[in-house]
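Visitor: Can you read through this structure? Questions will come right after.
The values are calculated or read from the model by the stated rules, or taken from the named source; none is laboratory data. For clarity, every value in this text was computed on a predicted model and none was experimentally measured. Every residue, glycine as well, gets a Cβ built from its backbone with ideal geometry; the counts of neighbours run over all protein chains shown. Remember, those area values only see protein heavy atoms, side chains included, never the ligands or the DNA or RNA. Shrake-Rupley method; radii C 1.70, N 1.55, O 1.52, S 1.80 Å.
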Amino acid sequence: MTNLETNKKYCEVIESKIKLDAKPVAMKLIKTEDDLPEGYELIDEKIRHCEMVRKASLGNKFYSTIEEQMCLGGAGAIGLRDMPEKLANGEKYFSLGRFQDLETAKNLTAKLSIVKDIHWGMVYAPLDEADFEADVIQIITEPVGGMKLAQSIVYKTGEKIAPSFAGIQSLCGDAFANPYLSEGVNFTLGCDGSRKAADIKDNEMTVGISKAKIEEVISGLESI
């Protein structure tokens with residue numbers, strides 16, 4: 001099967017088993033401009049990565065370079081630039097009142113998922129329109145959908161799931177960088193930025209699935 005046919009199949013299975021208000025999103029990091037798949041236009045606005053995910057979930061396909069990324073922390077997490085120093089060292093989050101002291105903030109930011117290898121761009125598409133092999137597929141769903149995805153994973157593995165999240169850098173760090181780096185699956189409850197800017201609803205969460213795990217997740221979903 002072609003990548004498009006495979007992704008359409010994945011999307012059909014996900015949509016048949018999980019309650020969704022928007023499409024699963026396929027994302028792929030691009031090392032150089034020469035690696036860009038055909039048929040993708042540069043996004044025509046400067047917005048946050050999480051907003052780009054939401055835009056793709058509503059049916060848009062496009063690519064972004066660092067120039068179109070408004071949130072530098074998000075861009076740093078997904079590997080389009082180095083992480084800004086004040087985010088990396090905890091100063092920014094401490095100044096926002098998220099931590100009791102700077103040391104605690106540094107302790108957390110040192111553990112954030114960050115793609116260190118810098119890339120030229122990122123391609124975004126609804127999963128059923130993606131004619132490329134996604135590095136990560138993100139699913140925005142209600143907790144009951146997250147439950148179904150968890151059940152599909154343990155069906156194959158017999159191992160409990162250990163999500164990693166902190167209420168910050170959610171769609172960029174938790175749901176992209178984490179599965180990308182671990183070649184696994186991660187569950188995240190969102191962050192202030194993604195809920196305000198990308199309209200992640202109060203009753204929604206996000207699951208990021210790496211290309212190494214998607215076949216296993218789909219097979220599990222078909223079986224339960």
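Visitor: Aspartates and glutamates within cross-link reach of K55: Cα-Cα under 17 Å, excluding same-chain residues under 8 positions apart?
Guide: D21, E41, D44, E45, E68, D128, E129, D199, E204
Visitor: Sticking with this structure for a sec: What area, in nm² and to one decimal, does the C-alpha convex hull of the chain cast on average over all directions?
Guide: On the way: hull surface 47.0 nm².
Averaged projected area of the chain's Cα convex hull equals 11.7 nm².
Visitor: In debye, nearest 20: dipole of the chain around its Cα centre with unit charges on the Cβ of K, R (+) and D, E (-)?
Guide: Numbers: 27 positive and 36 negative charges, 154 e Å.
Dipole about the Cα centre, nearest 20: 740 debye.
Visitor: Using the crude model of +1 on Lys and Arg Cβ and -1 on Asp and Glu Cβ, and no other charge, please compute the dipole size for the stretch 132-224 relative to its Cα centre, in debye to 20.
Guide: The dipole magnitude comes to about 160 debye.
Visitor: Same structure, new question: For D128, what accessible area in Å² do you get when you roll a 1.4 Å probe over the heavy atoms of the protein chains, rounding to the nearest 10?
Guide: About 30 Å², rounded to the nearest 10.
Visitor: Starting from the Cα of K31, draw a straight line to each of the lysines and keep only those under 16 Å, dropping any in the same chain fewer than 8 residues away.
Guide: K116
Visitor: Could you work out how much longer the chain between D21 and N89 gets when fully extended? Use 0.36 nm per residue separation minus the Cα distance between them, nm to one decimal.
Guide: Residue separation times 0.36 nm, minus the Cα-Cα distance, leaves 20.8 nm.
Visitor: With unit charges on the beta carbons (Lys and Arg positive, Asp and Glu negative) and the dipole taken about the Cα centre of the stretch 111-190, which residue among L189, C172, A125 sits farthest to the positive side?
Guide: Checking the options against the dipole of the stretch 111-190, the answer is L189.
Visitor: Starting from 0 in steps of 5 Å, tell me what percent of the Cα-Cα pairs of the stretch 147-224 lands in each bin.
Guide: For the stretch 147-224, the binned pair fractions read 3, 17, 25, 23, 17, 11, 4, 0 percent.
Visitor: Rounded to whole Å and ordered largest first, report the semi-axes of the equivalent ellipsoid of the stretch 131-183 derived from its Cα gyration tensor (root of 5λ).
Guide: Details: eigenvalues 69, 46, 32 Å².
Those come to 19, 15, 13 Å.
Visitor: Additional query: Could I have the simple spin-label model distance between E33 and V144, label points 7 Å from Cα toward Cβ, reported in nm to one decimal?
Guide: A separation of 4.8 nm, rounded to one decimal place.
Visitor: Additional query: Using a probe of 1.4 angstrom, how much of the accessible area of the stretch 35-83 is carbon and sulfur, in percent?
Guide: Accessible surface attributable to carbon and sulfur in the stretch 35-83 totals 44 percent.
Visitor: Still on this structure: Quick one: with all protein chains in place, what share of the accessible area of the stretch 180-224 is carbon or sulfur, to the nearest percent (1.4 Å probe)?
Guide: 47 percent
Visitor: Output the pairs from K61/K160; K156/K201; K9/K196; K148/K196; K23/K111; K23/K196 with a Cα-Cα distance over 28 Å in this structure; if there are none, say none.
Guide: As for pairs spanning more than 28 Å Cα to Cα, those are K61/K160; K156/K201; K9/K196; K23/K111.
Visitor: If contacts are Cα pairs under 8 angstrom and at least 6 residues apart, what is the relative contact order of the stretch 1-62 in percent?
Guide: Numbers: 20 pairs, mean separation 24.6, N = 62.
The normalised contact order for the stretch 1-62 reaches 40 percent.
Visitor: Quick one: accessible area per residue over the chain, 1.4 Å probe, rounded to a whole number of Å²?
Guide: Using a 1.4 Å probe on heavy atoms only, each residue of the chain averages 47 Å².
Visitor: Here is a follow-up. For V154 and K111, compute 0.36 nm times the residue count separating them, minus their Cα-Cα distance, and round to one decimal in nm.
Guide: Details: separation 43, 0.36 × 43 = 15.48 nm, distance 2.56 nm.
Net length gain for the segment: 12.9 nm.
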